[in-house]
Amino acid sequence: MSAALDRSKILVQKFGGTSVGDAERIKRVAARIKSYYENGYLLVVVVSAMGHTTDELIKLASQISDNPPKREMDMLLSTGEQVSVAMLAMALHEIGVPAVSFNAQQIKIHTDARYSNARIEKIETDRLEKELAAGRICIVAGFQGIDEHQNITTLGRGGSDTSAVALAAALHAKECEIFTDVDGVYTADPNKVQGTRKHERISYDEMLELASLGAGVLHSRSVEFAKKYGVVIHVRSSFNFNTGTLVVPEEQIMEKLLVSGVTLKSDDARVSLNDIPDRPGIAAEVFHALAAQNINVDIIVQSTGKDNKNTISFTIPHKDLKQAREILELLLKNWGTGSASFDENIAIVSAVGVGMKSHSGVAASMFKSLADAGINIEMISTSEIKISCVIAKDRGREALQIVHDVFGLTQTA
Ligand code: ADP
Ligand code: ASP
Ligand code: MG
């Protein structure tokens, strides 16, 4: 790193799709960035694609193919962010602020080769440091990377958060500000639940669970990075100047809430393997075959075997259903017994809180509240700090509010 660069002044900021949704908003973001610049910050700014660009690009591809090559899909999707970095750099130039835009290839954001769900492995910082030392703002395309053969990869939907936090870690920036369309991290999605409350602080572990269980406000891998490298994330609104939510180590949280948040995930499906052989190695075979195709399995339930037969049920992302079906049908054929069934009409409602570690009865309260509303629990999964229930998809929103209410999170006006 150049000797002249004062790391304590490096700030990484990320602006999401809504925040840069049109030219007017980009100009507003530029004005905000200018005020930080004038206060002496060395800025690296990550942006997402404008508005719903990524969705539109996905739709565009579907007009050509139901199953486009993954490499080409990433090539296509990465273009959204390339538009927004250039637009923001132009907006900064317009108001007299030196800024230079970059894509992942130019910076060298190295990832593995898993198209559409790549992991960042290393970020080179030389160019960024040179530009910062020269007094320029670096505008970096979020959501994208390059693999070892220079193919363009993308990090999964919502992945610009991860680009920003990984850059903050690589540059040893003290903080990463995530500017979005809500004021911070709430006890549940404020656009889906009544009476939600904003957290002033939340621990990495709780945020990681919330993000993995469907709280779309942060990409879960961004939280993994933050925890690993000690980056403080500040989630805040790009439309006002209110302090948002700090994502920090657990020791920095005074009040350990029993439940700090509830989530709903509606993009999973359930797979059941019925009457399969009950012998060592079967489960390993199933999950090994799925893992080999990068299919993430979430909740797993296996029944007690009977008559040398067993049932295993598990949840996987909707988008992987077709591929999973092919893999499992092959296994069933090899075993010569059993059948597979698939259910897309499920949702997963979860409660998360570090306070659960030291309190019993949390699961019972959640189950009772759902039962009282006549909502059937189809599968259950727990960890030290979370409880998840699989329920019918059409009861999802209702269940989310019920669980938020039962843990006393709902604020009455
Ligand atoms: P961006 O485009 O800025 O990345 P996202 O749409 O990815 O924005 O994330 C912000 C959205 O996350 C909010 O509009 C909100 O609906 C949703 N969200 C889900 N869970 C939560 C939560 N617990 N707290 C705040 N927002 C949440
Ligand atoms: N543009 C990408 C998406 O829509 C990445 C992001 O917004 O974080 O998923
Ligand atoms: Mg997002």
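The values are calculated or read from the model by the stated rules, or taken from the named source; none is laboratory data. Values in this document were obtained by computation on a predicted structure and should not be read as measured data. A quick note on method: Cβ atoms are made from the backbone with ideal geometry, for glycine too, and the neighbour counts reach across all protein chains shown.
Do you know which residues across the stretch 270-286 are touching a strand residue (DSSP E or B) at 6+ places or on another chain (Cβ under 8 Å) and of a type outside the set (Lys, Arg)? Working first, answer last.
Step one: list which residues in the stretch 270-286 are touching a strand residue (DSSP E or B) at 6+ places or on another chain (Cβ under 8 Å), which gives 270-278, 282-283, 286.
Scanning the stretch 270-286 gives VAL271, SER272, LEU273, ASN274, ASP275, ILE276, PRO277, ASP278, ILE282, ALA283, VAL286.
Among the residues in the stretch 135-149, are any part of a loop (DSSP other than H, G, I, E, B), surrounded by fewer than 17 Cβ atoms within 10 Å (Cβ to Cβ), hydrophobic (A, V, I, L, M, F, W, C) and at pLDDT 95 or above? Scanning the stretch 135-149, I find no residue that is part of a loop (DSSP other than H, G, I, E, B), surrounded by fewer than 17 Cβ atoms within 10 Å (Cβ to Cβ), hydrophobic (A, V, I, L, M, F, W, C) and at pLDDT 95 or above, so the answer is no. In the stretch 142-179, what residues are more than 10 Å from ligand 2 (Cβ to nearest atom) and polar (S, T, N, Q)? Correct list: GLN150, ASN151, THR153.
The set of residues in the stretch 357-394 being among the basic types (Lys, Arg) and more than 28 Å from the chain's Cα centre (by Cα) consists of LYS368 alone. Could you list, in sequence order, the residues of the stretch 325-346 that are out of contact with any helix residue (DSSP H, G or I) (no Cβ under 6 Å at 6 or more places or on another chain) and either assigned to a helix (DSSP H, G or I) or aromatic (Phe, Trp, Tyr) (or both)? Passing the criteria: ARG325, GLU326, LEU328, GLU329, LEU330, LEU331, LEU332, LYS333, ASN334, TRP335, PHE342.
Could you tell me whether any residue of the stretch 162-175 is within 8 Å of ligand 1 (Cβ to nearest atom), within 25 Å of ARG28 (Cα to Cα), crowded, with 24+ Cβ neighbours inside 10 Å and at pLDDT 95 or above? Checking the stretch 162-175: not a single residue is within 8 Å of ligand 1 (Cβ to nearest atom), within 25 Å of ARG28 (Cα to Cα), crowded, with 24+ Cβ neighbours inside 10 Å and at pLDDT 95 or above. Taking the conditions exactly as written (buried (at least 17 other Cβ atoms within 10 Å of the Cβ) and either closer than 17 Å to VAL297 by Cβ or touching a Lys or Arg at 6+ places or on another chain (Cβ under 6 Å) (or both)), does ILE316 satisfy them or not? It is true that ILE316 is buried (at least 17 other Cβ atoms within 10 Å of the Cβ) and either closer than 17 Å to VAL297 by Cβ or touching a Lys or Arg at 6+ places or on another chain (Cβ under 6 Å) (or both). Looking across the stretch 352-365, just one residue is within 30 Å of ASN274 (Cβ to Cβ) and either exposed (fewer than 12 other Cβ atoms within 10 Å of the Cβ) or touching a residue at least 60 places away in the same chain (Cβ under 8 Å) (or both), and that is ALA364. Under 8 Å by Cβ, and 6 or more places apart or on different chains, what pairs join a residue from the stretch 160-184 that is more than 19 Å from TYR41 (Cβ to Cβ) and in a helix (DSSP H, G or I) with one that is acidic (Asp, Glu) and more than 7 Å from ligand 1 (Cβ to nearest atom)? Pairs that qualify, where the first residue is more than 19 Å from TYR41 (Cβ to Cβ) and in a helix (DSSP H, G or I) and the partner is acidic (Asp, Glu) and more than 7 Å from ligand 1 (Cβ to nearest atom), are SER160/GLU81. Taking the criterion of being outside any helix (DSSP H, G or I) and surrounded by 23 or more Cβ atoms within 10 Å (Cβ to Cβ), the residues of the stretch 218-231 that qualify are LEU218, HIS219, VAL231. For the stretch 119-128, the tally of residues that are assigned to a helix (DSSP H, G or I), among the charged types (D, E, K, R) and touching a strand residue (DSSP E or B) at 6+ places or on another chain (Cβ under 9 Å) stands at 1.
Taking GLY156 as the residue in question, decide whether it is more than 8 Å from ligand 1 (Cβ to nearest atom), within 19 Å of the chain's Cα centre (by Cα) and either modelled with pLDDT of 95 or more or in a strand (DSSP E or B) (or both). Give the derivation first.
Working: more than 8 Å from ligand 1 (Cβ to nearest atom): yes; within 19 Å of the chain's Cα centre (by Cα): yes; either modelled with pLDDT of 95 or more or in a strand (DSSP E or B) (or both): yes.
When the stated conditions are applied, GLY156 passes them.
Being within 11 Å of ligand 2 (Cβ to nearest atom), small (Gly, Ala, Ser), surrounded by 15 or more Cβ atoms within 10 Å (Cβ to Cβ) and closer than 23 Å to GLU224 by Cα: is that true of GLY51 here? For GLY51, the condition - within 11 Å of ligand 2 (Cβ to nearest atom), small (Gly, Ala, Ser), surrounded by 15 or more Cβ atoms within 10 Å (Cβ to Cβ) and closer than 23 Å to GLU224 by Cα - is not met.
Consider the stretch 266-324. How many of its residues are more than 23 Å from SER220 (Cβ to Cβ), hydrophobic (A, V, I, L, M, F, W, C) and in a helix (DSSP H, G or I)? Step through it out loud before you land on a result.
Pass one, the stretch 266-324, residues more than 23 Å from SER220 (Cβ to Cβ): 272-286, 288-289, 302-313, 322.
Narrowing the set further to residues that are hydrophobic (A, V, I, L, M, F, W, C) leaves 273, 276, 282-284, 286, 289, 312.
Checking which are in a helix (DSSP H, G or I) leaves us with 282-284, 286, 289.
Selection size over the stretch 266-324: 5.
The single condition from (1) more than 30 Å from ARG201 (Cβ to Cβ); (2) assigned to a strand (DSSP E or B) that ARG395 fails is (2). Selection within the stretch 247-265: residues that are part of a loop (DSSP other than H, G, I, E, B) and surrounded by fewer than 23 Cβ atoms within 10 Å (Cβ to Cβ). The member of this set that is modelled with the highest pLDDT is PRO249. Selection of the stretch 366-386 for residues being over 18 Å from LEU213 (Cβ atoms) and either surrounded by 17 or more Cβ atoms within 10 Å (Cβ to Cβ) or small (Gly, Ala, Ser) (or both) yields ALA371, ALA373, GLY374.
Could you please find all residues in the stretch 232-246 being part of a strand (DSSP E or B) and either in contact with a Cys (Cβ under 9 Å, 6 or more places away or on another chain) or among the hydroxyl-bearing types (Ser, Thr, Tyr) (or both)?
So in the stretch 232-246, the residues part of a strand (DSSP E or B) come out as 232-237, 245-246.
Hits for the stretch 232-246 are VAL232, ILE233, HIS234, SER237, THR245.
Has the stretch 88-96 got any residue that is assigned to a loop (DSSP other than H, G, I, E, B) and more than 27 Å from the chain's Cα centre (by Cα)? Steps first, please.
Here is the first cut: in the stretch 88-96, the residues assigned to a loop (DSSP other than H, G, I, E, B) are 95-96.
Add one more test, that the residue is more than 27 Å from the chain's Cα centre (by Cα), and what stays is 95-96.
Yes, there is a match, as at least one residue in the stretch 88-96 is assigned to a loop (DSSP other than H, G, I, E, B) and more than 27 Å from the chain's Cα centre (by Cα).
Inspect all residues belonging to the stretch 107-118 and state whether any of them is at pLDDT 95 or above, assigned to a helix (DSSP H, G or I) and under 21 Å from PHE15 (Cα atoms). Yes, there is a match, as at least one residue in the stretch 107-118 is at pLDDT 95 or above, assigned to a helix (DSSP H, G or I) and under 21 Å from PHE15 (Cα atoms).
Taking LEU57, is it outside any strand (DSSP E or B), within 16 Å of ligand 2 (Cβ to nearest atom) and crowded, with 18+ Cβ neighbours inside 10 Å?
In short, no.
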